[in-house]
Amino acid sequence: MLEPVQRGLLRLYRRLPTRGRRLVVRTLAPSFTVGAMCIIERDDGAVLFVRHLYRRRWGVPGGLLERGEEPGDAARREVLEEVNLPVELMGEPAVVVDPEPHRVDIIFRARPVPGAALDDVRPCSAEIVEARWFGRNELPELQHETASALVALARSSYAPQASPVAPSLSRPGDGHLG
């Protein structure tokens, strides 16, 4: 009995315009916040950490994406807003999905742009009370999100890359597998 009802609803869903389908999905699916953060390394391997006014442990520069903002742009913007350090992003980001608080974090490795004043890094936002470089062997007590971000970034850096999908599995011109 349930399967015919489900099939009927799916057929109805298929007939909806794209905006209608998106509305249905957004109404039924859980909402998540999406943030971007940067693990910033100097040439000597030291990493930049910040202490937020509202947190006890150390974190990294980052924050929520604005509507329509690309994650990489958000990461660079947050670093500039929080510690006034221009950075360049390196490689592909790692992603952490935390289902309990409904949060998705996109974690970037970054380095200061050439010529950036590294000794002049300081809080530039009311939410940041301290910014400091730490050597790899002297990490401070980290926020849960920051520790998870470092683990995710390390795993993605050392994970074997997936092999490409065989060309024979796709039909020419349609861009779909099958």
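Just the residues that are assigned to a helix (DSSP H, G or I) and loosely packed, with under 11 Cβ neighbours inside 10 Å, please, taken from segment 21-39. Let's see the steps before the verdict.
Going through segment 21-39, the residues assigned to a helix (DSSP H, G or I) turn out to be 21-28.
Correct list: Val25, Arg26, Thr27, Leu28.
Could you list, in sequence order, all residues of segment 114-123 that are within 11 Å of Asp43 (Cα to Cα) and either among the aliphatic types (A, V, I, L, M) or surrounded by 15 or more Cβ atoms within 10 Å (Cβ to Cβ) (or both)? Reasoning before the result, please.
In the first step, residues of segment 114-123 are kept if they are within 11 Å of Asp43 (Cα to Cα); the result is 114, 118.
Within segment 114-123, just Leu118 meets the criteria.
So for segment 124-147 (the condition being assigned to a helix (DSSP H, G or I), buried (at least 17 other Cβ atoms within 10 Å of the Cβ) and under 14 Å from the mean Cα position of the chain (by Cα)), does at least one residue qualify?
As a first pass, look at segment 124-147 and keep what is assigned to a helix (DSSP H, G or I): 144-147.
Applying the additional criterion that residues be buried (at least 17 other Cβ atoms within 10 Å of the Cβ) yields 145-146.
Among the residues that remain, those that are also under 14 Å from the mean Cα position of the chain (by Cα) are: 145-146.
Yes - at least one qualifying residue is present in segment 124-147.
List pairs: first in segment 97-109 and at pLDDT 90 or above and surrounded by 15 or more Cβ atoms within 10 Å (Cβ to Cβ), second assigned to a strand (DSSP E or B) and among the polar types (S, T, N, Q), Cβ under 8 Å, 6+ apart or cross-chain?
Partner pairs satisfying both residue conditions: Arg103/Thr33; Val104/Thr33.
Within segment 31-42, does at least one residue satisfy the condition of being in contact with a strand residue (DSSP E or B) (Cβ under 9 Å, 6 or more places away or on another chain), under 23 Å from Ser157 (Cβ atoms), touching a residue at least 60 places away in the same chain (Cβ under 8 Å) and of a type in the set (Phe, Trp, Tyr)?
Here is the first cut: in segment 31-42, the ones in contact with a strand residue (DSSP E or B) (Cβ under 9 Å, 6 or more places away or on another chain) are 32-42.
Keeping just the survivors that are under 23 Å from Ser157 (Cβ atoms) gives 34-42.
Cutting the leftovers down to touching a residue at least 60 places away in the same chain (Cβ under 8 Å) gives us 34-42.
Keeping just the survivors that are of a type in the set (Phe, Trp, Tyr) gives none.
No, segment 31-42 contains no residue that is in contact with a strand residue (DSSP E or B) (Cβ under 9 Å, 6 or more places away or on another chain), under 23 Å from Ser157 (Cβ atoms), touching a residue at least 60 places away in the same chain (Cβ under 8 Å) and of a type in the set (Phe, Trp, Tyr).
Return a yes/no flag: does segment 69-82 have any residue that is over 18 Å from Trp133 (Cα atoms), surrounded by fewer than 19 Cβ atoms within 10 Å (Cβ to Cβ) and of a type in the set (Lys, Arg).
Looking for residues that are over 18 Å from Trp133 (Cα atoms), surrounded by fewer than 19 Cβ atoms within 10 Å (Cβ to Cβ) and of a type in the set (Lys, Arg), one finds at least one in segment 69-82, hence yes.
Mind checking which residues of segment 51-85 are within 20 Å of Val96 (Cβ to Cβ) and touching a helix residue (DSSP H, G or I) at 6+ places or on another chain (Cβ under 6 Å)?
Gly59, Val60, Pro61, Gly62, Gly63, Leu65
The values are calculated or read from the model by the stated rules, or taken from the named source; none is laboratory data. These numbers were taken from a predicted model, which means no experiment stands behind them. With ideal geometry, Cβ positions are generated from the backbone for all residues, glycine too; neighbour counts draw on all protein chains shown.
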